[in-house]
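Quick notes on the structure that follows.
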Amino acid sequence: MQETTTHWTLFGRISFRFAFIYYLFFFNPLELLFGLVEMYFLSEAINYPIKLFVHWFNGRVLHIREELVPMGGSGDTSYGWAQLYSYLFLAAIGTLVWSIVERRKKAYPKLHYWLCILLRYSLAGIAFTYGILKVLAMQMPFPNLSQLATPLGDYLPMRFSWLFIGYSTPYQIFSGVAEALVALLLVWRRTSLLGAILAVGVFTNVVMLNLTYDIPVKIFSLNLLVASIFLVWQERERLFAFFLQNRTVPPSTLYEKRLPKKWQRISRILAKALFLVLSFGYSTYSYYEYYVQTQEENTKILEPIQPAMYHVELFVKNGDTIPESLADSLRWRDVIFDYNGYGSLSAQDSSLRMRYGRAYFSYLPDSLGTHLEWRLSSWDSLPVATFKMEIPHEGRMVLTGKKEEDSLYVVLQKLHRHFPLTERQFHWISEANR
C-alpha cells in the first residue's frame with residue numbers, strides 16, 4: 001500500500017480504511033498538538049465526546065464494569081479496555097460505511113502518506129519522552145532503604161521489574177538511548193525505515209516486560225508495537241528483495257511528497273522544526289530540570305534525624321509493654337527514616353499506607369528538632385501521629401506521643417544495616433557464582 005501503488009487489493013483497501021480510522025482515534029493529532037503546547041483544556045474538550053461514547057458503549061454493550069475506573073497510574077483500567085473496544089467498534093463501523101460509499105475507489109495514496117506521517121511522528125514523540133526519562137535514570141529510580149528492607153517475596157511482579165531496572169543505571173540509560181534513537185531516526189525520511197525497524201525491536205521488549213511482569217501499560221505498548229510493524233510493513237517489498245533475494249532495491253518513495261510551491265516546502269521545514277523544539281527540546285529541558293530537583297531531594301536530610309534503619313528496642317502502647325514476639329501485629333519491628341522525609345515501618349498498620357508488607361509515612365521534625373510529625377503523605381495537612389523526640393546520643397531516638405487514639409513510647413536504636421545490593425558490584429573475573 002505504498003504511495004506509488006495505483007491499485008490495491010480488496011483486503012488492502014479494507015485494512016487501510018480500518019487502520020486509518022482507528023489510528024485517528026488512538027493517535028489523535030489534535031490532542032497530540034495541544035499536548036505539546038500544554039493546552040490541556042483543549043485536549044479535554046476534544047476527548048469529551050469520545051468519553052461520553054465510551055461510557056455509553058460500555059453501559060449498553062460491553063458491561064466491563066458498572067463504574068469505569070479512569071486511566072491514571074494504570075493504562076489498563078476498565079476505562080482503558082472500554083476505550084480500546086470503542087475505538088475498534090468505531091473503526092469497524094467507519095470502515096463498513098467508507099467501503100460502501102467508495103466501493104469503486106482503488107487506492108488512497110494521499111491518505112496513506114498522511115497516515116504514515118501521523119504514525120511516524122506519534123511514535124517519535126512517545127519514544128523520545130520515555131527515552132529521555134530513562135537516559136536521566138528517572139523512570140525507574142534506584143531502590144530506597146524501605147524497598148531494600150522489604151523481603152523479595154513480598155513484591156508484586158511490576159515493582160520487582162521496576163527495582164530490577166532501577167538498580168542498574170547503565171542498563172536503564174542504555175534502554176533510554178535505544179528509545180531516543182528510535183525517535184531521532186523516525187523524524188528523518190531517509191532513516192525512517194531504520195527507525196521503524198528499531199522501534200519494532202524496542203517496543204517488542206517493552207511489550208514482553210509488560211506482559212510477563214504484569215505491568216499495566218499493556219494496551220498502550222501493544223498499540224505502539226503494532227504501529228511500528230505497520231510502518232515496516234509498508235516497505236515489505238524492498239525489505240524482502242534486499243534481505244531475502246539479495247537484490248538491489250530502489251530508494252523508498254513512501255515519504256517523498258512533491259511540494260511544488262515554495263511556501264509548502266518552507267511550511268514543512270517549519271512544522272518539523274516546531275515538532276523538534278516542542279517534543280524533543282522542551283521535553284529534554286523539562287525533564288532535566290526535574291532531574292536536578294529530584295537529585296537534590298533524594299539526598300536531603302531533615303535534621304536532626306539521620307536516614308537509616310532503626311531497631312525498635314522498646315515499644316509501650318497505652319502503658320503496656322509489647323514484647324518483640326508480637327512484632328508485626330501489635331508492635332513495630334523496625335522503623336526506616338529515609339531521605340527527604342520518607343519513612344516506613346515493619347508492621348501491619350492500616351492507618352498508614354501499606355505496601356508490600358510495610359507501612360509507609362512521611363515525617364517532618366520541627367525547627368528545634370524536639371518534635372516529630374508523621375503524615376500519610378507529604379502534602380497532607382493533618383498528621384496521623386505526633387511525638388516528642390529525644391536523641392540522647394547519636395544513633396538513639398526516643399519517641400513519646402500519640403498515634404491516633406493510642407499513646408506510644410518507643411525507643412529506637414540505629415542499625416548499621418548494610419545492603420550488599422547497594423554496592424553495585426562488577427567483576428571481570430568471577431571464580432564462583434555470587
- Message: Cβ-Cβ under 6 Å, sequence separation 6+ or interchain: first residue in segment 334-346 and under 10 Å from Tyr360 (Cα atoms), partner assigned to a strand (DSSP E or B) and acidic (Asp, Glu). Which pairs?
- Response: Ser346/Asp334
- Residue among Val292, Val277 that is under 22 Å from Trp188 (Cβ atoms) and not basic (Lys, Arg): Val277
- Task: Could you check His393 against (1) out of contact with any Phe, Trp or Tyr (no Cβ under 9 Å at 6 or more places or on another chain); (2) of a type outside the set (D, E, K, R); (3) in contact (Cβ under 8 Å) with a residue 24 or more places away in the chain; (4) surrounded by fewer than 17 Cβ atoms within 10 Å (Cβ to Cβ) and say which number it fails?
- Result: (3)
- Item | Output for segment 238-275, where each listed residue is surrounded by 12 or more Cβ atoms within 10 Å (Cβ to Cβ) and more than 17 Å from Trp114 (Cα to Cα) | Arg238, Leu239, Phe240, Ala241, Phe242, Val249, Leu274
- Item | Subset tally (residues that are closer than 18 Å to Pro307 by Cβ and either touching a helix residue (DSSP H, G or I) at 6+ places or on another chain (Cβ under 8 Å) or not in a loop (DSSP other than H, G, I, E, B) (or both)) for segment 412-422 | 7
- Of the conditions (1) in a strand (DSSP E or B); (2) under 22 Å from Gly153 (Cβ atoms), the single one that Val316 does not satisfy is (2)
- Pairs, please: C-beta under 7 Å, at least 6 apart or cross-chain, first residue more than 17 Å from Ser15 (Cβ to Cβ) and in segment 73-98, second assigned to a loop (DSSP other than H, G, I, E, B) and not hydrophobic (A, V, I, L, M, F, W, C)? Ser74/Pro216; Gly75/Pro216; Asp76/Pro216; Thr77/Pro70; Ser78/Arg65; Tyr79/Pro70
- Task: Sort out for me the helices (runs of 4 or more DSSP H) sitting completely within segment 111-222 that have 2 or more residues that are under 30 Å from Trp81 (Cβ atoms) and in contact with a Pro (Cβ under 6 Å, 6 or more places away or on another chain).
- Result: 157-167
- Query: Do any helices (runs of 4 or more DSSP H) lying entirely in segment 6-59 carry at least 1 residues that are in the same structural domain as Pro109 (by TED's automatic domain parsing) and either polar (S, T, N, Q) or at pLDDT 95 or above (or both), and which ones are they?
  - Reply: 10-26, 40-57
- Residues satisfying the stated conditions in segment 295-321, i.e. without any contact (Cβ under 8 Å) to a residue 24 or more places away in the chain and within 33 Å of the chain's Cα centre (by Cα): Gln295, Glu296
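Sort out which residues of segment 133-179 are within 20 Å of Ala199 (Cβ to Cβ) and out of contact with any Lys or Arg (no Cβ under 7 Å at 6 or more places or on another chain), and write them in order of number.
Filtering segment 133-179 down to residues within 20 Å of Ala199 (Cβ to Cβ) leaves 133-135, 139, 165, 171-179.
The answer is Leu133, Lys134, Val135, Gln139, Ile165, Tyr171, Phe174, Val177, Ala178.
Got a number for residues in segment 272-325 being out of contact with any strand residue (DSSP E or B) (no Cβ under 9 Å at 6 or more places or on another chain) and either in the same structural domain as Val135 (by TED's automatic domain parsing) or within 21 Å of Pro141 (Cβ to Cβ) (or both)? Give the derivation first.
We begin by selecting, within segment 272-325, every residue out of contact with any strand residue (DSSP E or B) (no Cβ under 9 Å at 6 or more places or on another chain); these are 272-301, 320.
Checking which are either in the same structural domain as Val135 (by TED's automatic domain parsing) or within 21 Å of Pro141 (Cβ to Cβ) (or both) leaves us with 272-301.
Qualifying residue count, segment 272-325: 30.
Output the residues belonging to segment 374-411 that are aliphatic (A, V, I, L, M), under 37 Å from the mean Cα position of the chain (by Cα) and assigned to a strand (DSSP E or B).
Within segment 374-411, the subset aliphatic (A, V, I, L, M) is 376, 382, 384-385, 389, 391, 397-399, 408, 410-411.
Applying the additional criterion that residues be under 37 Å from the mean Cα position of the chain (by Cα) yields 376, 382, 384-385.
Scanning segment 374-411 gives a single hit, Ala385.
Restricting to segment 254-308, and then to whatever is part of a helix (DSSP H, G or I) and of a type in the set (Asp, Glu), can you tell me which residue is modelled with the lowest pLDDT?
Residues of segment 254-308 that are part of a helix (DSSP H, G or I), as a first pass: 262-297.
When the remaining residues are screened for being of a type in the set (Asp, Glu), the result is 289, 296-297.
Values: Glu289: 92, Glu296: 83, Glu297: 80.
Restricting to residues being part of a helix (DSSP H, G or I) and of a type in the set (Asp, Glu), the top hit is Glu297.
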- Item | Selected residue (criterion: surrounded by the most Cβ atoms within 10 Å (Cβ to Cβ)) from residues of segment 206-236 that are without any contact (Cβ under 8 Å) to a residue 60 or more places away in the chain, of a type in the set (S, T, N, Q) and over 23 Å from Phe280 (Cα atoms) | Asn210
- Query: Among the numbered criteria (1) touching a helix residue (DSSP H, G or I) at 6+ places or on another chain (Cβ under 6 Å); (2) modelled with pLDDT under 95, which single criterion is violated by Val207?
  - Reply: (2)
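The values are calculated or read from the model by the stated rules, or taken from the named source; none is laboratory data. All of these numbers come straight from a predicted model, not from anything done at the bench. Ideal geometry is used to build each Cβ from the backbone, glycine not excepted, and the neighbour counts take in all protein chains shown.
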